[in-house]
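First the structure, in the form of structure tokens, and then the observations on it.
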Amino acid sequence: MRNNFEVGGKNQLNENVRRMREIQKRCKQREQGKQEPVKVLWKSEKYSNIESKIRQDVEKPMTPRPGSADFLRAHSRAGPPVKLESRPCSPDITRKRSVPPASSANDVQMMRNDFDFIKINGMNARRSAVQRPPSTTFQEDAKRKAEERLRNHPMGETPAYLARRKDEWKRDEEYRVANTPDPAMPPGHRQLPDKERRETLNLLHQKQNEVINKMQKLPIGADTVRVRQERQSLEKQLTEVEEAIKIFSRPKVFVRVET
């Protein structure tokens, strides 16, 4: 049976391995060829006999500072300088020091007070009140009082704070509805208050009755020019009043805002 990697009598797997090894070998030879020796830094012959100053500072012996172990230099000049004749600005190490020198740290002796901690703990234990768990009688009394308060509580009543909150919600909703512009209102107009609309409607009804009464008082048999003109004028007024009554009988009336 022929191998699956053999195509045209040639093993492709072995061929691929051989090509990969050749590519790795060429890459390794290329990297080795790029390595160059490190070059020596250029130095002028003019300064070859001059010694480095940094080297002189490093090789220079350290001299101890006088008085550095006698006081704390970090707090020697803390605060603003006080210029007085009796007190110099610089610290005077000849005065009595409140802090002992660092050299006397080995001579410090620890002082221990002899306390009887067992006796002290016993006295504290006698003085402190012991918190005991509540007795069975106390628990029964508390349970009975809670049940009695629950029975005496009025059921079905809304708390006062909820009633106040409902009133606030109702007022807020009324204010919002009153101040919300009507989408049907044309620009440059305002909605007439309901009270003013009713008052105007009553005046229009009174005007209508007055015009009808005048028309009824006109002479029927006379057909003069003056009577005809007055009848036409009254009919025109009656038509205008009826149109106004139709308008102000609507629940919403918009009037133009005078600018």
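The values are calculated or read from the model by the stated rules, or taken from the named source; none is laboratory data. Just so it is clear, the model here is predicted, and its values are computed rather than measured. No Cβ is skipped: glycine too gets one built from the backbone with ideal geometry, and neighbour counts run over all protein chains shown. Side chains are part of the model used for accessible areas, which takes the heavy atoms of the whole protein and leaves out ligands, DNA and RNA. Shrake-Rupley method; radii C 1.70, N 1.55, O 1.52, S 1.80 Å.
Based on the mean of other Cβ atoms within 10 Å per residue, sort peptides 46-56, 168-178, 205-215 so the most packed one is first.
205-215, 168-178, 46-56
Order the peptides 188-197, 139-148 from the highest to the lowest mean number of other Cβ atoms within 10 Å of their residues.
Put in order of decreasing packing, that is 188-197, 139-148.
Roll a 1.4 angstrom probe over the protein heavy atoms and tell me the percent of accessible area of the range 107-259 that is carbon or sulfur.
53 percent
So how exposed is Phe248, as accessible area in Å² (1.4 Å probe, rounded to 10)?
Around 40 Å² of this residue is reachable by solvent.
When you have a sec, figure out the Kirkwood radius of the range 140-244 from all distinct Cα pair distances and drop it here in Å to one decimal? Mind showing how you got there, number by number?
Details: mean 1/r = 0.0478 Å⁻¹.
Result for the range 140-244 stands at 20.9 Å.
Compute the signed sum of charges (Lys and Arg +1, Asp and Glu -1) over the other residues within less than 12 Å, Cβ to Cβ, of Asp194.
Numbers: positive: Lys195, Arg197, Arg198, Arg250, Lys252; negative: Glu196, Glu199.
That sum, taken over residues with Cβ under 12 Å, equals +3.
If you count only protein heavy atoms with a 1.4 Å probe, what accessible area per residue comes out for the range 199-239, rounded to a whole Å²?
For the range 199-239, the per-residue accessible area is 79 Å².
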